[in-house]
Amino acid sequence: MNALIRYSFATTVHNQRFLAPVVLFFACAGVASGNNSGPLPGVYALNAGALLLCAAWLTIAVISVEDPAHRAITVVAANSHARVLAASVAVTWLISLALTVLGLALPLALQPRPVGAGDLPVGLLAHLLCASMGIAIGLLCSRLVFTRPGYALLTAMVLVAASLLTTGSPPNTVFKRMATATDSLTVLPTVAVLLPVGLAVLAVAAVATHLVSVRRD
């Protein structure tokens, strides 16, 4: 499995399709961190929202690195559809974790702000929640599910907007709590409870994507 992850990561880096979502996140986080001098939870909420969008795009990009013929060869070599999909998810997680570190560090580097006891934990959990939701959306909108990129793009846009704007969704709930919190410690239990929900959504999306891709092949 480690060799498969290394192969997927090397192919992704060589292909360079990951650059567009990474640059977009850097731009969004840089603007939010540099222009917003408010409390850290609110800034971290903006950065986490940007990560959701970029993680979805990144997932689609990582899965699209290999065309269907090359991916079929990889599946045969790995002797498992599931392992190849898991490697793609792992690579996306690795890049998303690097973006999470960037999203947490930029507000501290660009603006002098007081750091509360719960600011970093809340920011970290919010980023991880949004990364898991974004990866889930990216899986469901990848070429493993949609054969036409136009339909995939439209569906991804709708799902990302729904995740961010629909009242009661995990990201939306966290954003509202973080934007109005005077003490980030009061938000920490909510984010801690909702993170497993996001991971569960990711697991369901991965299983659904796997079933669709296997049936299609």
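Throughout, read-outs are computed from the coordinates displayed, never taken from laboratory work. No experiment lies behind these values; they were computed from the predicted model shown. Here Cβ is always computed from backbone atoms with ideal geometry, including for glycine, and neighbour counts include all displayed protein chains.
Taking the charge dipole of the chain about its Cα centre, with +1 at Lys and Arg Cβ atoms and -1 at Asp and Glu Cβ atoms, the residue from Phe26, Ile135, Tyr7 reaching farthest to the positive side is Tyr7.
Helix 170-180 and the longest principal axis of the Cα set of the chain meet at an angle near 20°. What the Cα atoms of region 86-178 give is an Rg and a Dmax of 15.4, 49 Å. Which whole-number percent is the relative contact order of region 2-216 (Cα, under 8 Å, 6+ apart)? Reported as a whole number, the value is 28 percent. In µm²/s, what is D for the chain at 20 °C and 1.002 mPa s, where D = kT/(6 pi eta Rh) by Stokes-Einstein and Rh is the Kirkwood radius from Cα pairs? For these conditions, the coefficient is 122 µm²/s.
Counting Lys and Arg as +1 and Asp and Glu as -1, each charge on the Cβ, what is the dipole of the chain about the Cα centre in debye, to the nearest 20? Don't skip to the answer; put the middle values down first.
Working: 11 positive and 5 negative charges, 68 e Å.
Once rounded to the nearest 20, the dipole reads 320 debye.
Here the average projected area of the convex hull drawn through the C-alpha atoms of region 161-217 stands at 4.6 nm². Placing one identical point scatterer on every Cα of region 73-130 and ignoring solvent, what is log10 I(q)/I(0) from the Debye formula at q = 0.21 Å⁻¹? Each listed q corresponds, in turn, to -0.81.
Net charge of the neighbourhood of Ser8, taken over other residues with C-beta under 11 Å away and scored Lys/Arg +1, Asp/Glu -1, is +2. Hydrodynamic radius of region 1-119 by the Kirkwood approach over all distinct alpha-carbon pairs: 15.5 Å. Return one number: the angle in degrees, 0 to 90 and rounded to the nearest 10, between the long axis of the Cα atoms of helix 188-216 and the longest principal axis of the Cα atoms of the chain. Helix 188-216 and the main axis of the chain meet at about 10 degrees.
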